[in-house]
Amino acid sequence: MEGEERVLRLSDLPAGMRAVIKRHEQSEFQLTLMEMGCIPGEPVWIQMVAPLGDPLAIQIAGYYLSIRRQDAEKIWVSQSINE
């Protein structure tokens, strides 16, 4: 089926995969993430994951950003199934 998407947490997106930010859960860090470019509709790529799984290096809005896994768990993204 064309155009199918799956919605998952950014922290669950495999390294090297890309998705589009859908929404944020409420958190103290939500405004800071949005100020850094993590806004709904923005494409995001998981570039690297630290050896122990935290932090994550993501590419967003033309630059690289390192965020904690606990913050990435509060960002929901959609990924095209047909990629």
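Just so you know, all these numbers are worked out from the coordinates, no wet-lab data involved. Note that the structure is predicted; figures quoted are calculated from it, not measured. Don't worry about glycine lacking a Cβ; one is built from the backbone with ideal geometry, like all the others, and counts go over all protein chains shown.
Some observations on this one:
- Test item: Cα-centred dipole of the stretch 5-80, Lys/Arg +1 and Asp/Glu -1 on Cβ, debye: 180
- The slack between Arg6 and Met48, meaning 0.36 nm per residue of separation minus the straight C-alpha distance, is 13.0 nm.
- Taking Leu31, Leu56, Leu65 in turn, the Gaussian network model of the chain (Cα-Cα springs below 10 Å) assigns the largest fluctuation to Leu31.
- Cβ-Cβ distance of Glu35 and Ser80, R₀ of 25 Å, FRET efficiency by 1/(1 + (r/R0)^6): the value works out to about 0.35.
- Taking the chain and dividing mean pair separation by its residue count, relative contact order in percent (alpha carbons under 8 Å, at least six apart): 45
- Helix-derived mean residue ellipticity, 222 nm - over the chain, DSSP H n ≥ 4, -39500 (n - 2.57), to 500: -2500 deg cm²/dmol
- Per-pair calculated FRET efficiency, R0 = 25 Å: Ser27 and Gln59 via Cβ, rounded to 0.05: 0.70
- The structure-derived value of Rg and Dmax of the Cα atoms in Å appears in the list (i) 12.0, 38; (ii) 11.5, 35; (iii) 20.8, 58 under the label (i).
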